[in-house]
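Enquirer: Quick one: the structure is below, and I'll ask about it shortly.
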Amino acid sequence: QVQLVESGGGLVQTGGSLTLTCAASGITVSTTTVTWHRQAPGEQRRFVAEIGSPGWTYVADSVRGRFTIFRDNVKNVVSLEMNTLKSEDTAVYYCNIKRGPHDYWGQGTQVTVSS
């Protein structure tokens, strides 16, 4: 059974940094694409960043240059380093793995950026 658990969220001031972690069980993160999404209050869930099995990465335009996605194959986690945070980064952050017909999501971790 695949489980994803996000952690690392919290309250941070504008310009601050946080690193989120998505811990996976039941699946090896290095064998699949892992994606981070976020959902702000009243908005749709939106793509943030992804890392593919070979290690390539892609981040959304809105966070490029500020967010970095990376993977620790030993710990079987995918992390999202977020720098120069802005109020518009406030959201619940989710990690996601799609495998065949299955779509796995974690419970999310709240990030709140205050001015």
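Read-outs throughout are calculated quantities, based only on the coordinates presented, and are distinct from any laboratory measurement. The structure displayed is predicted, hence computed values, not measured ones. Neighbour counts run over all protein chains shown; Cβ positions are idealised from the backbone, glycine included.
Enquirer: Return the sequence-ordered ³J(HN,Hα) values of segment 17-25 in whole Hz as given by the Karplus equation 6.51 cos²θ - 1.76 cosθ + 1.60 applied to θ = phi - 60°, using x for Gly and Pro.
Expert: 9, 8, 10, 8, 10, 10, 9, 10, 9
Enquirer: Sorting check: for 83-94, 11-22, which peptide has the highest mean count of neighbouring beta carbons within 10 Å, and how do the rest follow?
Expert: Numbers: 83-94: 17.3, 11-22: 15.7.
Those peptides, ordered most packed to least, come out 83-94, 11-22.
Enquirer: Still on this structure, I have one more. When the chain is fully extended, how far beyond the present Cα-Cα distance does THR57 get from THR28, taking 0.36 nm per residue of separation?
Expert: On the way: separation 29, 0.36 × 29 = 10.44 nm, distance 1.70 nm.
Result: 8.7 nm gained on full extension.
Enquirer: Loop only by DSSP, 11 or fewer other Cβ within 10 Å of the Cβ. Give me the trypsin sites (Lys or Arg not before Pro) in segment 1-65 that pass, ordered by residue number.
Expert: Within segment 1-65, the qualifying trypsin sites (Lys or Arg not before Pro) (loop, at most 11 other Cβ atoms within 10 Å) are ARG64.
Enquirer: What distance in nm separates the two pseudo spin-label positions at GLN1 and LYS86, each 7 Å out from Cα along the beta-carbon direction?
Expert: Taking the two extended label points, one gets 4.1 nm.
Enquirer: Using only the alpha carbons of segment 1-87, determine the length spanned along each of the three principal axes and report them from longest to shortest in whole angstroms.
Expert: 35, 24, 24
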